[in-house]
Structure formats: structure tokens, C-alpha cells
Amino acid sequence: MVSNTFKNLDNKKQTRILDALLDEFSHHTLAEAQVSRIVKESDIARGAFYKYFDDLQDSYEYLYHHALTEIHQNISTDTRKKLKPTEYVEQTREFVERSSDSRYYPLVKMHMLYNENFFISTFNNHLISENEYFWATQIMIHDAIKQIMIDPESKEMILKKLSNVLHTLAKEDD
């Protein structure tokens, strides 16, 4: 877990470290990432890195959560509210567009294509406790986002298919 020491750093130093993390994790998978490159780019001591974060995965989780918080602004994440299929599709579209328009796009793409396996059990454990409709929608939305990251030109077709399937599932859930 990120330390209070990191949270209490001045904004300039925090930004420099976050920028170095973003550069590292946007160009290297979590398995290939190196603390040495991060500390060199952020101009901090290796010991300071471990004072701020438990390890590379901890720093990655902190950065990815930071990125998703920024991308998800104004996108409802309240899982207690059952959305209509069109609302799910629009939120998926908004997430894809906000991601692709943000400085975090390479990080999100790297996560979806290579790094999510390090965290998938957390994602699945949360969903398993939900009803079948919500579970299915989240799995399909996640896969749709991944497919769009792989082939951005297919965005509209994938969103249309997602809409069709969600409408079908919503009818069966009634």
C-alpha cells in the first residue's frame, strides 16, 4: 500500500514520480518493469521508492487506480443501481473515449492486454457475488473495452454488438 510518506510529498515531487511510473508502465509490462528505470527518471533514491511503495506491483496499483479515477470522472460506478442496456453501452463508449483521449491510454491498453492477469481474481471475486445479469454485463463490457483497445477501428461494431447482447439479456432478466 502506498505510504503516507508518499502522500505527504510536495505536488512537484509526487508528479515527477507518477510521471516516471506512467512512463515505465506504459512501455513495459508489469513483469518487465524495473525500479531502476523509475528511480532514475524520477530522480529519487532506490530506498525512497521502497519507502513510498511496498514493491513494483504496489506502485502499479496506485498509478492505475489514480488513472482510472481520473478517467471515470462523471461516469457512474454505483454497482447498486441497475442501468439500462443503453446506459451501459454509453458508459462503455465514454470510458473508451476518455481513455483514448487521456495521457493514460498507453497504461490502460498495457493493463488490458498484458497486466490484468495479475489482478483478475480481485475483479472476478467482486463480480461473483453479484446477480447473473450484472456479472454478465461487466464481463462483456470489460471484453468489449479490451477488443476496442486491440482494434480501435472496430469500436462502433463492438459497441453495437454489446448493445444487442445487453438488450437480449435484459429481456431475459425481467
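The values are calculated or read from the model by the stated rules, or taken from the named source; none is laboratory data. Being a predicted model, the structure only gives us computed values, none of them experimental. Neighbour counts are summed over all protein chains in view; Cβ atoms, including those assigned to glycine, are modelled from backbone coordinates with ideal geometry.
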| field | Identity of the residue in segment 14-38, part of a helix (DSSP H, G or I) and free of Cβ contacts under 8 Å to residues at least 12 places away in the same chain, that ends up farthest from MET110 (Cα to Cα) | value | GLN14
| Filter result (surrounded by 14 or more Cβ atoms within 10 Å (Cβ to Cβ) and within 23 Å of SER99 (Cα to Cα)) within segment 1-18 | GLN14, ARG16, ILE17, LEU18
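Somewhere in segment 124-133, is a residue under 24 Å from PHE25 (Cα atoms) and either at pLDDT 80 or above or in the same structural domain as TYR64 (by TED's automatic domain parsing) (or both)?
Quick first cut of segment 124-133, residues under 24 Å from PHE25 (Cα atoms) only: 124.
Now narrow it down to the ones that are either at pLDDT 80 or above or in the same structural domain as TYR64 (by TED's automatic domain parsing) (or both): none.
There is no residue in segment 124-133 that is under 24 Å from PHE25 (Cα atoms) and either at pLDDT 80 or above or in the same structural domain as TYR64 (by TED's automatic domain parsing) (or both).
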| query | List the pairs whose first member sits in segment 50-66 and is surrounded by 15 or more Cβ atoms within 10 Å (Cβ to Cβ), whose second member is small (Gly, Ala, Ser), and whose Cβ atoms are under 7 Å apart, counting only residues at least 6 apart or on separate chains? | reply | TYR52/SER3; PHE53/SER59; LEU56/ALA33
| Is there a residue in segment 100-114 that is free of Cβ contacts under 8 Å to residues at least 24 places away in the same chain and in the same structural domain as GLU132 (by TED's automatic domain parsing)? | yes
| request: Filter segment 82-93 down to residues that are at pLDDT 90 or above and surrounded by 15 or more Cβ atoms within 10 Å (Cβ to Cβ) and give me whichever is nearest to the chain's Cα centre (by Cα). | output: THR92
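Can you name the residue in segment 1-13 that is in contact with a helix residue (DSSP H, G or I) (Cβ under 7 Å, 6 or more places away or on another chain) and in a loop (DSSP other than H, G, I, E, B) and, of all such residues, is farthest from ASN117 (Cα to Cα)?
Filtering segment 1-13 for residues in contact with a helix residue (DSSP H, G or I) (Cβ under 7 Å, 6 or more places away or on another chain) gives 1-3, 5-6.
Remaining after also requiring in a loop (DSSP other than H, G, I, E, B): 1-3.
Values: MET1: 19, VAL2: 21, SER3: 25 Å.
Out of the qualifying residues, it is SER3.
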